[in-house]
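Data block below; observations after.
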Amino acid sequence: MVKIKRIPLGLSNRHIHLTREDLDILYGEGHELTPKKMLVQPGQYAAEEQVSIVGPKVTMENVRVLGPLRPYTQLEISYSDARTLGIRDVPLRLSGDLDNTPGFTIIGPKGRVVKDQGMIVAQRHIHLSREEGEAYNIKDGDIVSVRIKGPRGLVLNNVLCRVGETHKMEMHIDIEEGNAAGAKNNQLALIIDREMEEKMTMAELLEVFNQPPMLGDIPLSEEQEI
């Protein structure tokens, strides 16, 4: 019997990760981030601190800083945010993949930092601990699809799985993806991987989804027909 693999959703709004050096400039030397809300991923939190991001068109204020500090400064925004700022061709990237990304200016209460790179739209992905990955038979680097149910339900393809000791079960999508599906934080979605596609019949898939699918809503193997 195929294990039903559900994953809680985490909708991510615009935010920034900072280095020690940049935080010192923006908030004063030696300043420590103040946790406001703990996040699902171990040790990570939304901080009280906020900054402004200067773009060619507008300055975007109240961009939340996430902690802890990182070895690189990285701004994660949506495609709509990029258009609002007036910056074209912001790439879809995984966290930390910052080569050839747009630069930007950050303004804090104590200073200003100009970055020559670091702006991305975050690629949707799943976090799993090693134990959770083993339970779901999912390995680090696997690519799956995820089905979000609801009146605006949809299937998200090309979802990268990140499995390791520093991860905990959660799927990260940006606010635009979440709004498109009418999704909410902590809503459970369904992972559709090769094991499910190969071992479950269409009738079994429909029973799991518990609602009539639209054409193209469910990935089919070559042997299955509508």
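The values are calculated or read from the model by the stated rules, or taken from the named source; none is laboratory data. Source: prediction; values computed, not measured. Cβ: placed from backbone, ideal geometry, glycine included. Neighbour counts: every protein chain shown.
A few comments on the model shown:
- Qualifying residue in the range 10-30 (condition: surrounded by 12 or more Cβ atoms within 10 Å (Cβ to Cβ), aromatic (Phe, Trp, Tyr) and over 28 Å from Val155 (Cα atoms)): yes
- The C-beta contact set for the range 15-42 (first residue in contact (Cβ under 8 Å) with a residue 40 or more places away in the chain, second residue in a strand (DSSP E or B) and surrounded by fewer than 17 Cβ atoms within 10 Å (Cβ to Cβ), distance under 7 angstrom, 6+ apart or interchain) comprises His15/Arg64.
- Condition check for Asp89: free of Cβ contacts under 8 Å to residues at least 24 places away in the same chain and farther than 19 Å from Leu26 by Cα: yes
- Any hit, the range 25-41, residues being in contact with a Ser or Thr (Cβ under 6 Å, 6 or more places away or on another chain) and modelled with pLDDT of 95 or more: no
- In the set Ala189, Ala135, Ala180, only one residue is buried (at least 18 other Cβ atoms within 10 Å of the Cβ) and not assigned by TED's automatic domain parsing to the domain that holds Val40; that residue is Ala189.
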